[in-house]
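First the structure, in the form of structure tokens, and then the observations on it.
The values are calculated or read from the model by the stated rules, or taken from the named source; none is laboratory data. Quick caveat, the model's predicted, so the values are computed rather than measured. So basically every Cβ, Gly included, is an ideal-geometry build from the backbone, and we count neighbours across all protein chains shown. SASA here: full protein model, heavy atoms, side chains in, ligands and nucleic acids out. Shrake-Rupley method; radii C 1.70, N 1.55, O 1.52, S 1.80 Å.
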Amino acid sequence: MRSERFRKPIHVLSLHDVIILTKPEMPTARNKAAKVGSGLISIIVPVLNEAASIERFLQCLRERAGDAEVIVVDGGSSDGTFDLARNHCDRCLNAPRGRAVQMNAGACAASGDSFWFVHSDCEVPPGCLQQIADALGQPEVLGGFFRIRIPNERFVYRLTDSFAHYAGLLLRTRFGDHGFFCRRTAFEEIGGFPEMPLMEDAEFFRKLRRLGRIAVISSRLISSPRRYEEIGPWRLTLTYGLIALLYLLRVPIPALATIYQKRCARPDRLIGV
């Protein structure tokens, strides 16, 4: 068994909320610490038209987070995603389209005392459940997120996964591709994700941060560059940055949704999916 020293925070930043950085878990065989106290961790995955990759994603999730409850929530896929996913998860649900709606539906169906919301276009790191359990094992921590890495060496991607990380710490904001996790009690107190056309993740994080400490796990979720390649990396990065800035300036969400729809949305998808 590994030394307990690897399971404790290694640094603390004083940024009003006190953000806790946890040390990455070293790769091991499946770690049984998939629980916080005696409570199960439920992983909730919203999907829409992910047939090309959903099985590969869920197989990796099972390998690295096999002791968790995995719930897939389909928003009305037309490519067979639901049928492919149902053989690789504990529960596969249908819900109205929209990421916030789907994640809330998954949380309502979940059995766990803690929730982890994961996008299906990422790869979770080894030891991820242990790191979540370690973070939530500290009573003052109500939730947290992972760092991300886009597997491409172009400078534009470092703006997204490195520079934006530190900007987010300073601005005390974060978005859902970072894999939010939280206690069920905190999720219920917040009221879940606000069912709005855009920025539901930022609004959720803002409310979670006000409740208590937020853990930052330094292990990286490997995030797919597919959206950047489809839309254009500079176009998408700059548009995301503009929307984030306008959101912080309290520009109304419908105006931000219009910008997103014109600049970033794929023709086969609605905002928020």
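Tell me the per residue accessible area of region 86-173 using a 1.4 Å probe; a whole number in Å² is fine.
40
With θ set to phi - 60° and the Karplus curve 6.51 cos²θ - 1.76 cosθ + 1.60, what are the ³J(HN,Hα) couplings of region 218-233 in order, to the nearest whole Hz, using x for Gly and Pro?
In residue order, the calculated couplings are 7, 4, 9, 6, 7, 9, 5, x, 4, 5, 5, 6, 6, 8, x, x Hz.
Would you mind working out the magnitude of the charge dipole of region 142-273 relative to its Cα centre, with +1 at each Lys and Arg C-beta and -1 at each Asp and Glu C-beta, to the nearest 20 Debye?
320
What ranking do 164-176, 109-121 get when scored by the average of other Cβ atoms within 10 Å per residue, highest first?
109-121, 164-176
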